[in-house]
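The structure appears below as structure tokens.
No value in this document is a laboratory result; all are computed from the given coordinates. Computed from a predicted structure; not experimentally measured. Heads up, the Cβs are rebuilt from the backbone with ideal geometry, glycines too, and the neighbour counts pull from every protein chain shown.
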Amino acid sequence: MAEEQKSAKKSSKVKWIILLLVLLLLAGGGAGAYWWFFLRQPPAQAEQAATEADKNATKGAGKTDTAKSEGRLTTLPPFLVNLADPAGRRYLKLSMDVEVNAPAAVKEIEGQTAKVRDAIILLLSGKSYTELAAPEGKLLLKNEVADRLNQILGAPRVTRVYFTEFVIQ
């Protein structure tokens, strides 16, 4: 009889210990979930907050931000070209805006539209569907367009290229 009481007390203590551990695990999981969903900043927001803090720090120190110069956008006329496809049935319709770092560069681009259109048409018609289908291909095309335009202008005036319409059929 005494042994039964000891084993009953032991099992009762084991039950309490297990119950206490389960409650601690639930509390820890709840605290972790609360932190993850409500207190933690997603990486994009944390990066943005750090950038804003850097801007405020440089403004407070009396420094100007020369890396972010305001560029001017100019719209190029749309391009419609056949792609370098063995069957010759695919074409690309592309519209883009070009950001330049000087207002004079806009007039230079507009003054040399024939050269600009020729360079871009030759570049686009040499591309295949498989090269342009992937996002990396589009980024590479943006860089190549900027390089071609900078060659025509004779100086690195084009800073960015933005596709406003990109249709492959």
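Observations
- If R0 is 41 Å, the Cβ-Cβ spacing of LEU80 and ALA102 corresponds to a FRET efficiency of close to 0.85.
- Close amide H pairs (under 5 Å, H built 1.01 Å from N) link TYR91 with LEU83, GLN169, residues at least 5 positions away or on another chain.
- Here the 3J(HN,Hα) profile of region 73-81, calculated from phi with Karplus coefficients 6.51, -1.76 and 1.60 at θ = phi - 60°, is 9, 10, 9, 8, x, x, 10, 10, 9 Hz, Gly and Pro shown as x.
- C-alpha center-to-center spacing [region 19-34, region 102-132] in angstrom: 61
- Charge dipole of region 93-169 (Cα centre as origin; +1 on each Lys and Arg Cβ, -1 on each Asp and Glu Cβ, all else neutral): 80 debye, rounded to the nearest 20.
- Near ASP85, once Lys and Arg are set to +1 and Asp and Glu to -1 for all other residues with Cβ below 13 Å from its Cβ, the sum equals +2.
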